[in-house]
Every structure is written in C-alpha cells, then in structure tokens.
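Student: Mind looking over this structure? Questions follow.
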Amino acid sequence: MTTGAVAAPPAAAAPPRRRRLTERAREERRLAALLVGPALIVMIAVTAYPIIDAVILSLQRSDLRFPAQSKFIGLANYGHVFSAPVFWQDVLHTVIITVISVSIQFVLGMCLALIMHRAIFARGLVRGVALIPYGIVAVVAAYSWELAWSLNSGWIPKLLGLSGDPLSHTFGTYVAIIVTEVWKNTPFMALLLLAGLALVPDELLEAAKVDGATAWQRFIRITVPLMKPAILVALLFRTLDAFRIFDTIYIFNQGAQGTESISMLNYATLLNRLNLGLGSAVSIVLFLFVALIAFVFIKGFGAGAAPGGEG
Amino acid sequence: MRRRRLAGFVIAAATTALIAGCGSSSKGPVTLNWYVFPEPSGSFAAAAANCSKASGGQYNIKLNFLSTSSDQQRVSLVRRLAANDSSIDILAMDVDWTAEFATAKWVHPVPAALSAQIRSQDLPGPIQTATYNGQLWGVPINSNTQLLWYRKDLVPNPPTTWGQMITDAIELARKGKPHYIEVQGAQYEGLTVWFNSLVNSAGGQILGPNNTVVIGPTSRAAALIMRLLANSPAADPSLNVTMEGQADTAFDMGNAAFELNYPFVWNSAQKTNPAVAKQMAYAPFPRVAPELAPRVSIGGYNLGISSHSKHPDLAFAAVQCLTQPANQTTYAVKGGLAPVAASIYSVPSFQKAYPFHSLIKQQLETYGLRPQTAAYADVTLAIQKALSPTSNIIPGSVVTTLRNEIKLSLSSGALL
C-alpha cells in the first residue's frame, strides 16, 4: 500500500576522517561501494521512483478514464484534499483507532513480554504460542473477527447477550476493529519489548530488591527507564503501522459506520474512482503524516538512540 | 540455555512468464481470452468449448474467472485496460460500467450488423444497459432484476406497495412472528441499486441528459421509504451491514417475512432450508406509488471487446456465439442467470427452471436504470455515503445533501 517511513538508527558518530587513505583502504571502499551499489539501485527503483512519480501525479489532473484531460494543475489537488471535510473526518477516525489500539497493545504487550521473559518452563512454547496471531494473514484474521462479531453467525454477540448488531453501529464497529488490531499486533509489540527487557541487568534489579524496592518500584524506576529505547522503537513501529490501517476496515465494512481511515479514502479515490491526481495527493499527505510521526518520535522522544543514551 | 533465533522469511519474487497470446502464424486457432465473473455451474466453460469447436479452428476461447465482487472485477480489468494490455479480448462488463468503458475507449463499439441483431432479439432493459450515446458497446449476456420474496405461511396476500409491506411487517412483529424485511442496506453498490429502484419506481431519475443532477421530490420519497423501514420493527438489526448474501442467509434462517433480492435466492433456499423454501413465494417488486408500475434497477452483464484486442473481428464472432439463445438457455437452466433474449422466456425447459419467468420478463420490459455516466463510480459512492446509514436519513435535508454530493462527485477535484 503506502510506503512506510523507516526509522534508521543514526550510525555511531564517525571518528574524524583521516586525510590520507592507504591503498588498501581505498580498495576496501571500492569494494564496499560495489557491494552496496546493487541494493541502492533496487531501493531507488522500488522506493524512490514510485514516490517521485506519486508527487508528480499529485500535481496533475489525471484520471485513468479521461486521459485526454490530463494537465498540470500545481497544488490544486492538495487544496482539494485539505479543504474536504471528509479528509479531516478520516484523519480523526485514523487517530482514534491509532491512539486507542496502540495504547492497549502497549499495555498488553508489556504484560506478555514480562511473561515471556520470566517464563521458567516451556519458554519456547510460550513464545511460539504468543506469536500465533501475528503470523496469521491480516485479511484472514479480519475475516474471522468479522464473522465472530456478526449477529447471525458470531459468538461474540451471543456471549455478550447483545440483541442489536454491534457492526451496525459506530461504537460497536470501532470496538470490533480495535479488538482485531490489538489481537493481531500485540505479539509484535511484545516481541520488541522483550528485546528491551533483555537490556535490563539482573544485578540492578537484585540490588534494588535488597534495598527494599517493591516489584512495582523496580519496574517503574529501573526496568522502564532502561528499556526506554526499546519502548520508543516499539511504539514508533506500531504507530506508523496503525496509522496506515487498511485491511481490517476494508474487510469489516469498507469504511461504513464512520470508520473510514485515510488509507481507505486513498483506496477509494485511486482504485474505485481512478482519480490518480487526487488519489496521489492523498497518498503524499498520508506519507507526510507518517514521516511527521517518525520525526516526532525520533527527534522528540529520542527513539532509536543508543541504549542508555540519556538525552 | 538455548537461544531461539527468529527466522526471517525471504520472499522470492517469482517471475511469471508472459505468454504472448498468439503469433502471426496462420497455423492453429487464435486464442481469445474471455474475462468474466466466476460461473460455478460450468455453463460458461461448456459454451466456450462448444463455440470454439463450432468456429472450425478459427479461434479458441480461453475462460479466465475474475473475483466474485463486481468492484474487484472492475479494478482488475481497468488496471489492465488502462495499461494497454492486449491479452484481454472479451470482457464481461457489469451493466453500470458501459458509459465509463465507452468514454475511456476501452471497448470497441458493437458493429452495425450485430447491433441490429441484438436490438431485434433482446429485451429492452438489457439493450438499454449496453447503450451509451445511441451506440451499443457490449453484447448483453445475462440480466438480473430483484423480486419480492415472501413467506406465504406468514403473509397470505403479498403487499403491492412499500408502505403496505412495512405495515404488514409491523403487524407480524406485534404478533411475535418472523417479520423482518431483508433488503441491501450496507454501504455498497446494493444501496444504490435499492435507492435507484425506488426513485425510478416513483417516476423519477437521479441524472438527466448530459450529467444534469435531477434529484427532486422522487428522491425524497425514495429516501423517506428507506428511513421509515430502517427505523421500524421491520428492519433487521443488521440492516446496515446487509448485502445480497446476508439477506439470503437471514431469510433462509427463518427470521424474515420479506426479502428483496435476485432470483438466486430461490435455489439457495431449497439447498439451505427446505422448510423455509416450501413456504417461499414471489411477487413483483413493491410499488412506491400505487398507480405506478415498479421500475427495478437492472443488473447483469454485457460482453465487450477490448480496444487492445488483436482480433476484434473474431472476438465479436465469438461473443455472438456465446450469447446465442441456445447458450443463454443453458446459462439460465444450469446457472440461474436470467436470459436477455425475449424468445427464451417461452421455452418450456426454461420456464420449468424459472417458475417466476413472467415476472422477470415483465420487469426487464418495464425497467429501471442506474445513472448512465462515465463518472458512475463517483456518483454511486456519493449516493452510498449520503444515504448510509439509512436510519439517519434527515427528511428535511436529504434532497439537498444528495444533490450537492452528486454534483461534487461529477467534478474531478472532490474527495468523497
């Protein structure tokens, strides 16, 4: 779908470069360039080119159905996007789903990570089982949850004793979509947090225990601060993903009941209406939102900083 | 301690060999690729084989099934047509795509001789769906129209108007009997079909000539019926997510007294719940006004020939064979698809498989038509969004909302 911004951790600060390179060093550089070159070309072909093409398209009136009417119209498409009430409604829907689902995923993911970290026996089994939802194809997961929530065939309305159809209402549909997202993505969150837990030295926790710190204090004062880089990376990854939510909503109801996300709007404009200019403008705006989120996480909170590096 | 490593999956991109449809060699039959919605009974496959054989080695029709959803079929076809893909020869176009495909010059106009034959042979509704600017752009292969299906054990006399049907349903609800009216209320094409049937049945239209928006009192009457139903006990609690399939299931489960749907529900009920099927009866689509005959939005498919096909003449010959009455009868008897040729409606074997044949024929003669515009995809999206959920339709402003949204949808610069 959309191109996600990837937060590359900044490379360790390079030492001041020597002016003169030895023959051997020059050779090594050439080899390095040769090794990296193909990957770079592929990246340009599959990432840079489509993005640039989308930017160019977004500055045009371009419709697959009316190729003769294509023309350059500057930033008009962006004007249409920002002045459309439906766009801002969809931004709101997307933010609601992102904030709530990522928050729940974080809390549950942390619990799951602690369980996986502290599991005494059957460690591999616990970790394997916990990862199953993440391994299920997104569309399949969305279908099974949609069936589970539907009034006639599903077990959830029966379990909750509902007489109405939850998927007929905005609130019920949001709950169903968020539950699906949480179920599907919590394991990934847990996995990233588990890596962070491994950074916390046992000696520190034991020392705190000796000093009389309670379990909660040890968690909040020692574990969380030391895990901060991992937490931020986990939140960043999940937020970027959640903000581009598409499959679950598409399967549930294609954005009906006021659940349309920005990606759904993008799909409808590009693939149903075949309006390439306007659709590309939506894509670029979504890309900028995602880039902004990444920027705020990295610059604002220092995600991706080296472990222990306190800003 | 054993460390588990997370294995990364490397997805190897499989390169698909492109098969060039045919060379210019004079030897061997030409392959004609027919892209069409999935037809489970096998009657399309049989017809393709028979027509290929009958061509005397001129062509060989290769069947390619698309997705079941009409939206997905359109997306798959459009992507290839817009990219000048010559590997599509014959394509099944949903009846609401004609204006769009014709305007974009993705399909050839139907040659004069074949057009004349279609006009003399087919029912007026299907012909009109394939016509744009006075020219035929596809050859109708099957049609479709919704009937009123009801439970004769609950409803001795079928209602003839929407108002009466809703009253009957409320009365059944009071008696604690199954009473839902199953109709397509989800935000998708089915909602536009329902709305358009109501508008046309009220004597109105959505778009006039040259894309003028003619939303008026008839649209208001239509929207008010939708709202009345949605807020009455007649509405299934799942109305907002009901498409054709869900309506069929709910009726077969015995929850409903009425259902507005296509004829596939007849065979489906026999298979799913014979007890309900025994009590199932059919009647004409209900009227909006007692004095006006219903005009139900026509469904079905027309076969077009891609502008990028290398063999348009052979493709038209193949289409002529695929749509000949003998084949249409097979599609109807084996696959349940409503024929477009008028003569078939008097064939006994067809009448036996299609007990409601005279109602279908009547509704294909006095028909309703969804707006014929190149921007249909935009217009229908605007209608769906303006009317969904049907329970929240505001009587005072629905006409203004619809008119503004549809006008907006006809301009290239509006997000919907």
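The values are calculated or read from the model by the stated rules, or taken from the named source; none is laboratory data. Nothing here was measured: the structure is a model prediction, and the numbers come from that model. Backbone-built Cβ (ideal geometry, glycine too); neighbour counts: all protein chains shown. When the accessible area is computed, the model is the full protein with side chains, heavy atoms only, and any ligands, DNA or RNA have been set aside. Shrake-Rupley method; radii C 1.70, N 1.55, O 1.52, S 1.80 Å.
Student: Would you mind stating whether A:LEU57 is farther than 14 Å from B:SER412 by Cβ and of a type in the set (A, V, I, L, M, F, W, C)?
Tutor: no
Student: What number of residues in the stretch A:125-161 are of a type in the set (A, V, I, L, M), touching an Asp or Glu at 6+ places or on another chain (Cβ under 9 Å) and in contact (Cβ under 8 Å) with a residue 24 or more places away in the chain?
Tutor: 4
Student: Since B:PRO158 meets every condition but one in (1) part of a helix (DSSP H, G or I); (2) over 12 Å from B:ASN302 (Cβ atoms), which condition does it not meet?
Tutor: Just one mismatch for B:PRO158, condition (1).
Student: Only one of these conditions is not met by B:VAL241: (1) within 14 Å of chain A (Cβ to nearest Cβ); (2) touching a residue at least 60 places away in the same chain (Cβ under 8 Å); (3) surrounded by 24 or more Cβ atoms within 10 Å (Cβ to Cβ). Which number is it?
Tutor: (2)
Student: Output yes when any residue across the stretch B:211-222 is within 12 Å of another protein chain (Cβ to nearest Cβ), part of a loop (DSSP other than H, G, I, E, B), more than 25 Å from B:ALA332 (Cβ to Cβ) and modelled with pLDDT under 95, and no when none is.
Tutor: Looking through the stretch B:211-222, none of the residues is within 12 Å of another protein chain (Cβ to nearest Cβ), part of a loop (DSSP other than H, G, I, E, B), more than 25 Å from B:ALA332 (Cβ to Cβ) and modelled with pLDDT under 95.
Student: Something else: Between B:ALA414, B:ALA332, B:ALA341, B:ALA326, which is of a type in the set (Gly, Ala, Ser) and within 14 Å of another protein chain (Cβ to nearest Cβ)?
Tutor: Criteria check complete, one pass: B:ALA414.
Student: On to the next question. Condition first: open to solvent by 20 Å² or more (accessible area, probe 1.4 Å), within 29 Å of A:THR94 (Cα to Cα) and not aliphatic (A, V, I, L, M). Now tell me which residues in the stretch A:187-238 satisfy that.
Tutor: Of everything in the stretch A:187-238, those that are open to solvent by 20 Å² or more (accessible area, probe 1.4 Å), within 29 Å of A:THR94 (Cα to Cα) and not aliphatic (A, V, I, L, M) turn out to be A:PHE188, A:LYS228, A:PRO229, A:PHE237.
Student: Inside the stretch B:194-207, can you point out the residues that are within 17 Å of the chain's Cα centre (by Cα) and either surrounded by fewer than 24 Cβ atoms within 10 Å (Cβ to Cβ) or not in a helix (DSSP H, G or I) (or both)?
Tutor: B:TRP194 - this is the single residue of the stretch B:194-207 that is within 17 Å of the chain's Cα centre (by Cα) and either surrounded by fewer than 24 Cβ atoms within 10 Å (Cβ to Cβ) or not in a helix (DSSP H, G or I) (or both).
Student: Moving on. Could you list, ordered by first residue, the pairs with Cβ atoms under 6 Å in which the first is in the stretch A:58-69 and at the interface with chain B (Cβ under 8 Å from one of its Cβ atoms) and outside any loop (DSSP other than H, G, I, E, B) and the second is open to solvent by 40 Å² or more (accessible area, probe 1.4 Å) and at pLDDT 90 or above, at least 6 apart or interchain?
Tutor: A:ARG61/A:LYS71; A:ARG61/A:ILE73
Student: Taking only pairs six or more apart or across chains, which ones have beta-carbon atoms under 6 Å, a first residue in the stretch B:181-210 that is over 27 Å from B:GLU291 (Cβ atoms), and a second residue that is open to solvent by 10 Å² or more (accessible area, probe 1.4 Å) and β-branched (Val, Ile, Thr)?
Tutor: So the pair list comes out as B:ALA186/B:VAL241.
Student: Also, quick follow-up: Which condition number in (1) within 14 Å of chain A (Cβ to nearest Cβ); (2) in a helix (DSSP H, G or I) is the one that B:GLN362 fails?
Tutor: B:GLN362 satisfies all of (1) within 14 Å of chain A (Cβ to nearest Cβ); (2) in a helix (DSSP H, G or I) except (1).
Student: When the residues of the stretch A:147-161 are narrowed to those that are within 13 Å of chain B (Cβ to nearest Cβ) and in contact with a Gly (Cβ under 8 Å, 6 or more places away or on another chain), which ends up surrounded by the most Cβ atoms within 10 Å (Cβ to Cβ)?
Tutor: A:TRP149
Student: A further question follows. Scan the stretch A:246-272 for residues that are crowded, with 24+ Cβ neighbours inside 10 Å, within 11 Å of chain B (Cβ to nearest Cβ) and touching an Asp or Glu at 6+ places or on another chain (Cβ under 7 Å) and jot them down.
Tutor: A:ILE262, A:LEU265
Student: Could you tell me which residue of the stretch B:256-306 is farthest from B:PRO126 (Cα to Cα), considering only residues that are in contact with a strand residue (DSSP E or B) (Cβ under 6 Å, 6 or more places away or on another chain) and open to solvent by 40 Å² or more (accessible area, probe 1.4 Å)?
Tutor: Across the stretch B:256-306, the extreme among qualifying residues is B:GLN279.
Student: Suppose we filter B:PRO339, B:PRO312, B:PRO325 for residues that are closer than 16 Å to B:ASP122 by Cβ, surrounded by fewer than 24 Cβ atoms within 10 Å (Cβ to Cβ) and in contact (Cβ under 8 Å) with a residue 12 or more places away in the chain; which single one remains?
Tutor: B:PRO325
For every residue, the table says whether it meets (1) open to solvent by less than 50 Å² (accessible area, probe 1.4 Å); (2) in the same structural domain as B:ILE181 (by TED's automatic domain parsing); (3) charged (D, E, K, R).
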{"residue": "B:ALA353", "(1), (2), (3)": "yes, no, no"}
{"residue": "B:PHE356", "(1), (2), (3)": "yes, no, no"}
{"residue": "B:LEU364", "(1), (2), (3)": "yes, no, no"}
{"residue": "B:THR380", "(1), (2), (3)": "yes, yes, no"}
{"residue": "B:PRO389", "(1), (2), (3)": "yes, yes, no"}
{"residue": "B:THR401", "(1), (2), (3)": "no, yes, no"}
